[in-house]
1. Work out from phi, with θ = phi - 60° and the Karplus expression 6.51 cos²θ - 1.76 cosθ + 1.60, the ³J(HN,Hα) of each residue of region 55-63, listed in order in whole Hz, and give x for Gly and Pro.
2. Of Lys67/Lys279; Lys169/Lys275; Lys199/Lys256; Lys67/Lys169; Lys169/Lys256, which sit over 29 Å apart, Cα to Cα?
3. Using the beta-carbon distance between Leu40 and Val185 and R0 = 25 Å, what value does 1/(1 + (r/R0)^6) give for FRET efficiency, to the nearest 0.05?
4. If you take every residue apart from Val148 with its C-beta less than 12 Å away from the C-beta of Val148, what net charge results, scoring Lys and Arg +1 and Asp and Glu -1?
5. How about Lys85: which aspartates and glutamates have a C-alpha closer than 13 Å to its C-alpha, ignoring those fewer than 8 places off in the same chain?
6. Rank by packing, highest mean first: peptides 276-283, 30-37, with packing defined as the count of other Cβ atoms within 10 Å averaged across residues.
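Computed from the coordinates by the stated procedures, all read-outs in this text should not be read as laboratory data. If you're wondering where the values come from, they're calculated on a predicted model, not measured in any experiment. Here the Cβ positions follow ideal geometry from the backbone for every residue, glycine too, while neighbour counts run over all protein chains shown.
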Amino acid sequence: MSLLISLVLFFIMVSLGLNLPSMQFGLLKQRPALLIRVLLATCVAMPLAALLLLQSPLGDGLSPAIKTAVMLMAICPSAPMIALKSRQLADNPELATRLQFWSACAAIISVPIWVSQLPSEAGETVWSIPSQDVAFQIFTVQLIPLLVGVSLRRWRSEWAERWNALVQKIATVLLLALLILILIVALPQAAPMLIGNLKGALLMLILTWIALALGFAIAGEDSVERSTLPLVLSMRNPGLALLIISQMAPSAMDIKAAVVGYVVITAIGSAPFMKWRKKTTAQA
């Protein structure tokens with residue numbers, strides 16, 4: 001399972017690099033303040049919000065699997081499907097791709113820091129993974145394939161343009177297939193845990209709404225940013241979270257199922273926002 005997750009995540013990040021518009025560093029030069037706000041929000045504010053929610057009365061009594069899944073998703077930015085969702089709302093989907101690129105790069109620093117700093121009782125044995133091992137995993141399955149995709153886009157632009165759409169569809173299908181496979185395998189063991197932790201589902205929903213509100217707040221007055229930034233913050237990276245789980249607790253199917261459940265809750269929680277922004281964009 002760990003090898004399958006690594007291969008799927010590798011392919012997804014290659015597809016992100018292929019889909020990245022030219023001048024991927026233009027955002028850093030032209031809008032440094034926006035980029036800093038987004039990275040601080042997605043890599044610092046979101047994990048802090050999750051940690052505070054878990055320490056609140058809402059987090060009392062939650063199973064260790066739910067707590068681990070929530071924290072893992074909170075510390076893993078750059079969801080593979082951000083660009084796909086953004087195309088449904090924004091006239092400038094390239095903004096989501098650029099922000100996803102920089103979030104993936106920042107994860108090499110932020111994820112190991114959070115893994116090493118989190119209290120052990122919040123995540124049980126998962127957090128015992130050395131931070132340098134986490135950084136190496138992210139580097140090999142996220143940054144390297146991302147750079148491969150960017151290089152192909154730069155040096156083989158005609159090939160990238162020709163096959164980019166197909167590669168994006170394959171990457172999306174692979175991710176969905178992986179999540180469905182994990183849910184099917186984990187369901188017999190994890191179903192009682194998920195049903196018995198409806199409060200955990202509520203916590204995931206509240207965290208999704210916090211991310212949407214925070215993204216909307218830091219977006220300013222620009223309509224495209226108001227549609228894009230909330231998605232960048234609310235959609236987390238299940239592939240990276242599952243990879244960390246598979247490396248440290250490969251038999252923890254309940255944690256893996258909870259991660260998939262977080263993805264489902266995020267989709268449910270962001271649906272009203274998606275509908276509202278589509279209506280607002282249409283009126284504009």
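1. After applying 6.51 cos²θ - 1.76 cosθ + 1.60, I find 8, 7, x, 5, x, 5, x, 6, 5 Hz.
2. Among Lys67/Lys279; Lys169/Lys275; Lys199/Lys256; Lys67/Lys169; Lys169/Lys256, the Cα-Cα distance tops 29 Å for Lys67/Lys279; Lys67/Lys169.
3. 0.10
4. Overall, the nearby charge balance is +3.
5. Once the sequence-local aspartates and glutamates are set aside, what remains near Lys85 is Glu94.
6. Sorting 276-283, 30-37 by mean packing, highest first, produces 30-37, 276-283.
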